[in-house]
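The values are calculated or read from the model by the stated rules, or taken from the named source; none is laboratory data. Keep in mind it's a predicted model, so treat the numbers as computed, not measured. Glycine gets a Cβ as well: all are built from the backbone with ideal geometry, and neighbour counts include every protein chain shown. In case anyone asks, the SASA skips ligands and DNA or RNA and just uses the protein heavy atoms, side chains included. Shrake-Rupley method; radii C 1.70, N 1.55, O 1.52, S 1.80 Å.
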Amino acid sequence: MINHRGPEFAALLSDCVEGLRWAMQTDNDVLLFPASGTGGLEATAANLLSPGEKVLLCSVGSFGERWADIAAAYGADVVRLAMPWGEALDPEDIERLLAENPSIEKVFVTHNETSTGVVNDMRAIAAVVKSRGKLIAVDSVSGVGSLPLPVDELGLDVVVTGSQKGWMAPPGLAMVAAGKAALAAAESARCPRWYFDFARQKKFQDKQQTYTTPPVSVMFALQEGLAIMREEGLENVWARHRRVADMIRAGLGAIGLRLFAPEGHRSDTVTAVHSPATSPDDTKAWLTALRTRYGLVLAGGQGQLQGKIFRVGHLGMVDERDAYSILATIEQGLYDQGLLSRVGFAVAAAQAVLRQEATTPEPAAVG
Ligand code: PLP
């Protein structure tokens, strides 16, 4: 390891922050806290809110509920816009709630809900929130970097992400892009905070240090992850996630599995699928068999979705070959369980996606 108060660390920190600004398309400060993604959510609540303050919490699943619980634990008066799990946010609901609750100054939204595989339309949501002059804070732990989220263009005041997702690093670093309005709001917000204090962390980062000992090893990995992304190019990173997700969705659909998220709101980093097994126990047994027999680790459902869905993660270091292997393994696993009578259709459907892409002409340039 290196001295985290020395020049090598200053260079590492600067590389990480510049890389994150590039990937998040922002000139805002990116504050780094030694924590998992939840630490970034807690930091945002603690720094932006005051006890008793009304805040709009837009939730579409388990991580949105978690953020609402954190805000409530800090004493905020949480107005919950909670969609049924599997549905996306409707910006009109946000518009209505802001009109009904004029004292609300801050809106918290999940961009990419990992528990349901739903991605929200952040452009439309940000437009509604910003047209009313409110602050918007976004949980994009499993989104930004892998999915387009132009932070400055959309005027997102806070965006939270975590090192273990698309950044291809181990867990341990919460990254929080905070704009000027958010930092100003933090100065007057009265919720208690200490370890996660934005102002103190900014003061230290401005001197190329962090307040406490940083997770240096995670930052080395993040630096490398960002270098890989720069080499590929941001648009190519997004396109690869889109292509792999298209392959996974097409392959699973071809063998009769039903995707959980609605068309138009399906995440390119995680796909949630109705379980083909007849009971939660059978779903669990099937996922265990995939892991122990074939080494394929899929996630089950969380909370109310336990035993009802399974989830395929496809973010970070993932490519077309992974999609083929995931699909072939899922198919074989279903065949083993007697849930499928023939194999080969999922991979063929994924191949068709690539063929289609190869023959689709580039859109003509406009103007
Ligand atoms: N928000 C979202 C959308 C997530 O996907 C996760 C984790 O998967 C979190 C928050 C919480 O992050 P962590 O588990 O790193 O604390």
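Below are the figures for this structure:
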quantity	calculated
Test: residue 42 is over 26 Å from residue 227 (Cβ atoms), of a type in the set (Asp, Glu) and within 16 Å of the ligand (Cβ to nearest atom)	yes
Long-range neighbours under 7 Å by Cβ, at least six apart or interchain, first residue assigned to a strand (DSSP E or B) within the stretch 133-146, second near the ligand (Cβ under 7 Å from one of its atoms) and open to solvent by 10 Å² or more (accessible area, probe 1.4 Å)	139/63
Scope the stretch 254-279; condition exposed (fewer than 15 other Cβ atoms within 10 Å of the Cβ) and over 28 Å from residue 168 (Cα atoms); matching residues	256, 258, 278, 279
Failed criterion for residue 87 (all others in (1) under 17 Å from residue 136 (Cβ atoms); (2) within 19 Å of the chain's Cα centre (by Cα) hold)	(1)
Subset of the stretch 123-167 that is within 13 Å of the ligand (Cβ to nearest atom) and aliphatic (A, V, I, L, M) - its residue that is nearest to residue 42 (Cα to Cα)	160
Check on residue 88, in a loop (DSSP other than H, G, I, E, B) and either of a type in the set (Asp, Glu) or in contact (Cβ under 8 Å) with a residue 24 or more places away in the chain (or both)	yes
Lone qualifier among 295, 313 - being in contact with a strand residue (DSSP E or B) (Cβ under 9 Å, 6 or more places away or on another chain) and either open to solvent by 50 Å² or more (accessible area, probe 1.4 Å) or more than 16 Å from residue 253 (Cβ to Cβ) (or both)	313
Residue 345, sole failed condition from (1) more than 28 Å from the chain's Cα centre (by Cα); (2) at pLDDT below 95; (3) surrounded by 13 or more Cβ atoms within 10 Å (Cβ to Cβ)	(2)
Meets criteria (open to solvent by 10 Å² or more (accessible area, probe 1.4 Å), of a type in the set (Val, Ile, Thr), touching a strand residue (DSSP E or B) at 6+ places or on another chain (Cβ under 9 Å) and part of a helix (DSSP H, G or I)) for residue 38	yes
Search result, residues across the stretch 26-39 that are within 13 Å of the ligand (Cβ to nearest atom) and touching a helix residue (DSSP H, G or I) at 6+ places or on another chain (Cβ under 6 Å)	33
Residue under evaluation residue 202, criteria (1) open to solvent by 20 Å² or more (accessible area, probe 1.4 Å); (2) assigned to a helix (DSSP H, G or I); (3) closer than 30 Å to residue 84 by Cβ, criterion not met	(3)
Residue list for the stretch 136-194, filter: of a type in the set (Ser, Thr, Tyr) and surrounded by fewer than 24 Cβ atoms within 10 Å (Cβ to Cβ)	188
